[in-house]
Amino acid sequence: MPQQALQPPLTAPDRLNATLAGQGFAVLSAASVSALSGVKTEALQALEASWNDLPPDLYLKDGGRYRRRRHASYEVSAHQLQAMPHRAHWQPLSYNALHGGMQRWFEPIAPAVAQHEAWSALLRGLAGVASALQGPQTWFTEAHQFRIDTTDGIGRPTPEGAHRDGVNWVAVFLVGRHGIKGGETRVFDMDSPRGQRFTLTEPWSLLMLDDSRVIHETTPIQPEVAGGWRDTLVVTLRSGGFLDDPELGKPQSRSI
């Protein structure tokens, strides 16, 4: 008999800030995400088809073909959002031992997605949460659309293992999953053995993390039917500036 997935510990919207402050992470249902962003779930669902048009991630050092993604950068406050010129995604090796230390030029998020009202409202909602906890400010935000599939028989949502991202806040939205098993989320305290594990299954549910206090990973997925996949939207928010390669000074950008 297959093992039953552990249900996520859901937080009520009015307890979100207190839960994040208390334990460093919180999980919201799709209805709570809708309340947070002021966007109906149906409007978020209108974005889902764009995950069918993600190009392959050409930077996987394990030789896998299981990840597709797009990327965009913004400066965001609770009330304003400014798209940045397309730029490389960079992390130091200290945060990503597998893929750190190199500029990764992923294809940009499609204009139809970036210009969608629900997309903007979602990013502003996250900035509002971050500002409520750390003071009103502009958040240097990166958004990543991911599809992990079972092309290779196994797909790895976090091939780097349990990690931090080098930012202040990380938001992981489960957009959808189809024909797979696995994909269990694990969150661990930085300074104690305490941790929790659960499986996100509801489309547009959200795991929000204080990146200074916890590390996280998602276990590999395997197919239950041919062509299985797991779609997520990962948004990171950082104060003071983007995480950039110090060897290159200001990040390079390229026209799109």
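The table that follows gives values for the structure above.
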item: Residue within segment 130-138 that is within 22 Å of Arg186 (Cβ to Cβ), among the small types (Gly, Ala, Ser) and part of a loop (DSSP other than H, G, I, E, B) present; result: no
item: Residues of segment 89-127 that turn out to be among the small types (Gly, Ala, Ser), modelled with pLDDT of 90 or more and part of a loop (DSSP other than H, G, I, E, B), as a count; result: 1
item: Meets criteria (β-branched (Val, Ile, Thr), surrounded by 16 or more Cβ atoms within 10 Å (Cβ to Cβ) and touching a residue at least 12 places away in the same chain (Cβ under 8 Å)) for Thr19; result: no
item: Cβ-Cβ under 8 Å pairs, at least 6 apart or on other chains, segment 27-41 side in contact (Cβ under 8 Å) with a residue 60 or more places away in the chain, far side charged (D, E, K, R); result: Ser29/Glu202; Ala30/Glu202; Ser34/Lys40; Ser37/Arg124; Val39/Glu117
item: Helices (runs of 4 or more DSSP H) contained entirely in segment 6-86, each with at least 1 residues that are at pLDDT 95 or above, under 18 Å from the mean Cα position of the chain (by Cα) and over 15 Å from Ala171 (Cα atoms); result: 41-45
item: Members of segment 27-58 that are touching a Leu at 6+ places or on another chain (Cβ under 9 Å) and either of a type in the set (Gly, Ala, Ser) or exposed (fewer than 15 other Cβ atoms within 10 Å of the Cβ) (or both); result: Ser29, Ala30, Ser32, Ser34, Ala35, Ser37
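The values are calculated or read from the model by the stated rules, or taken from the named source; none is laboratory data. The structure displayed is predicted, hence computed values, not measured ones. Methodologically, a virtual Cβ is constructed for each residue, glycine included, from the backbone with ideal geometry; neighbour enumeration extends over all protein chains shown.
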